[in-house]
Amino acid sequence: MSTIKAEIDQRKDVLMTIKTEIIQRLNIQRDESQIDDDTALFGNGLKLDSVDATEIVVMLDKVFNIKVNESDDPSYMRSVNNLATFIIQKKKS
């Protein structure tokens, strides 16, 4: 039971860090509570572009110490939740 709680707490921490970093790095005019976990990063969601995508890759390296490989499925960039899952899986491997 405590492992599930630890995983939930880890996910919450990762989600909050992602939101905070995206707001600061990309100058998004919202606060963390206004960004739903399932908010799309591109399109109708946060309306990010390819330059922002590059900044997210840099954030993954600097904040989470994760290197994105060409072989990684790009769907990790779909939403805040997808990005959190990608980070947690990379940290485990």
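For the residues ILE23, ILE87, ILE56, ILE28, the requirement of being more than 11 Å from the chain's Cα centre (by Cα) and part of a helix (DSSP H, G or I) singles out ILE23. Residues that are in a loop (DSSP other than H, G, I, E, B) and either of a type in the set (Asp, Glu) or closer than 18 Å to THR17 by Cα (or both) within region 69-84 comprise GLU70, ASP72, ASP73, ARG78, listed in sequence order.
Looking only at region 6-28, residues that are within 19 Å of ILE87 (Cβ to Cβ) and loosely packed, with under 11 Cβ neighbours inside 10 Å come to 4 in all. A single member of ASP73, ASP31, ASP52, ASP61 is open to solvent by 90 Å² or more (accessible area, probe 1.4 Å) and acidic (Asp, Glu), and it is ASP73. All conditions in (1) touching a residue at least 12 places away in the same chain (Cβ under 8 Å); (2) open to solvent by less than 90 Å² (accessible area, probe 1.4 Å); (3) under 11 Å from the mean Cα position of the chain (by Cα) hold for GLY45, with the sole exception of (3).
Looking across SER93, SER79, one residue alone is open to solvent by less than 20 Å² (accessible area, probe 1.4 Å) and not hydrophobic (A, V, I, L, M, F, W, C). It is SER79. The single condition from (1) of a type in the set (Asp, Glu); (2) out of contact with any strand residue (DSSP E or B) (no Cβ under 8 Å at 6 or more places or on another chain); (3) surrounded by 12 or more Cβ atoms within 10 Å (Cβ to Cβ) that ASP37 fails is (2).
The values are calculated or read from the model by the stated rules, or taken from the named source; none is laboratory data. Here the structure is a predicted model, which is why all the values come from computation and not from measurement. Positions of Cβ are generated from backbone atoms using ideal geometry, with glycine treated the same way; all protein chains shown enter the neighbour counts. Heavy atoms of the whole protein, side chains included, go into the accessibility calculation; ligands, DNA and RNA do not. Shrake-Rupley method; radii C 1.70, N 1.55, O 1.52, S 1.80 Å.
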